[in-house]
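Novice: I'd like to ask some things about the structure below.
We did not get these values from a lab; they are worked out from the coordinates using the rules stated. Keep in mind that this is a model prediction, so the values were computed, not measured. Cβ placement follows ideal geometry from the backbone for every residue including glycine, while neighbour counts extend to all protein chains displayed.
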Amino acid sequence: MAKQGAEKKTITPASRDYTVNLHKRCHKIQFKKKAPRALREIRTFAVKNMQTEDVRIDPDVNRFIWNQGIRNIPRRIRVRLSRRKNEEDESGNKFYTEVKLLNVETFKGLLTEKSRDE
């Protein structure tokens, strides 16, 4: 029996900036599996926060993770998660999430915020 008053939220296109702490998410992971795990963790973070199953990671994010090798991943990464309407007719998903890299000098004082360009 469904809860009364619990309605399904409608999903609309949105864009937000997040700081993902990769150090926390890839703690106690074998060295040779750290960079692939970091990309998987970014994908699960995007699925959880944007409620879409289809996540497309920009090649710049991939280069940033793999820049120092497979075992020395960056501690944090600033990304822009954009939920967009899927224009492909054959796809079953109505929306997809695009993950783009944001270059920042420092992570101090950064919060989750709505993106300014959309």
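Novice: Please pick out the residue among PHE45, PHE31 that is more than 20 Å from THR112 (Cα to Cα) and in contact (Cβ under 8 Å) with a residue 24 or more places away in the chain.
Specialist: PHE31
Novice: Further, regarding this structure: Please state which one of HIS27, HIS23 is farther than 13 Å from GLU98 by Cα, surrounded by fewer than 10 Cβ atoms within 10 Å (Cβ to Cβ) and not aliphatic (A, V, I, L, M).
Specialist: HIS27
Novice: Which residues, counting only those in segment 42-67, are more than 15 Å from LEU101 (Cβ to Cβ) and in a helix (DSSP H, G or I)?
Specialist: If the condition is that a residue be more than 15 Å from LEU101 (Cβ to Cβ) and in a helix (DSSP H, G or I), then THR44, VAL47, LYS48, ASN49, MET50 are the ones that fit.
Novice: Here is a follow-up. Please enumerate the residues belonging to segment 72-109 that are outside any strand (DSSP E or B) and either touching a Ser or Thr at 6+ places or on another chain (Cβ under 8 Å) or buried (at least 17 other Cβ atoms within 10 Å of the Cβ) (or both).
Specialist: Residues satisfying the conditions are ILE73, ASN93, PHE107.
Novice: Continuing with the same structure: Within segment 60-71, track down each residue that is surrounded by 17 or more Cβ atoms within 10 Å (Cβ to Cβ) and out of contact with any strand residue (DSSP E or B) (no Cβ under 6 Å at 6 or more places or on another chain).
Specialist: Residue satisfying the conditions is ILE65 alone.
Novice: Just to be sure I understand the filter: pairs with C-beta atoms under 8 Å, separated by 6 or more residues or on different chains, first member in segment 84-103 and farther than 15 Å from SER15 by Cβ, second member of a type in the set (A, V, I, L, M, F, W, C) and not in a loop (DSSP other than H, G, I, E, B). Which pairs pass?
Specialist: Once the first residue is farther than 15 Å from SER15 by Cβ and sits in segment 84-103, its partners that are of a type in the set (A, V, I, L, M, F, W, C) and not in a loop (DSSP other than H, G, I, E, B) give ASN86/PHE95.
Novice: Quick check on THR112: is it hydroxyl-bearing (Ser, Thr, Tyr), surrounded by fewer than 15 Cβ atoms within 10 Å (Cβ to Cβ) and free of Cβ contacts under 8 Å to residues at least 24 places away in the same chain?
Specialist: It is false that THR112 is hydroxyl-bearing (Ser, Thr, Tyr), surrounded by fewer than 15 Cβ atoms within 10 Å (Cβ to Cβ) and free of Cβ contacts under 8 Å to residues at least 24 places away in the same chain.
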